[in-house]
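Comments concern the structure below.
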Amino acid sequence: FSPNNDGINDLLYLIGLLPENLISFTVYNRWGEIVFETNDILAAWDGKYDNEDVPMGVYAFTIQYINAGVIQIRSGNITLVR
């Protein structure tokens, strides 16, 4: 995603989950520090941490959610480009 205020792909948000099924969505920097965390399906990451732009790079994420009564965990990478 590209949080550069051009109105295109400026926010990173989840799609495809029911609000009641999300447990957490967490984004980590390369050192494993949490730069964004929410349990609100409507919340979006704007590429900031402590009100400062984070640098371009690859960020890891985890999503914990409930599927058919079972807690699932998915993880992957997000590339942030400015």
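No lab work stands behind these numbers, since they all come straight from the coordinates. Just so you know, these numbers come straight off a predicted model, no measurement behind them. Quick reminder, even Gly has a Cβ in these numbers, built from the backbone with ideal geometry, and neighbours come from all protein chains shown.
In region 19-80, the alpha-carbon atoms span a convex hull of 79 Å³ per residue. Region 68-82 and region 1-40 have Cα centres separated by 9 Å.
Highest-first packing order for the peptide set 57-65, 9-17 is 57-65, 9-17, based on the mean count of other beta carbon atoms within 10 Å.
This model, with +1 at the C-beta of Lys and Arg and -1 at the C-beta of Asp and Glu, gives the chain a dipole about its Cα centre of some 320 debye.
Counting only DSSP beta bridges whose two residues both lie in region 19-80, roughly 100 percent are antiparallel.
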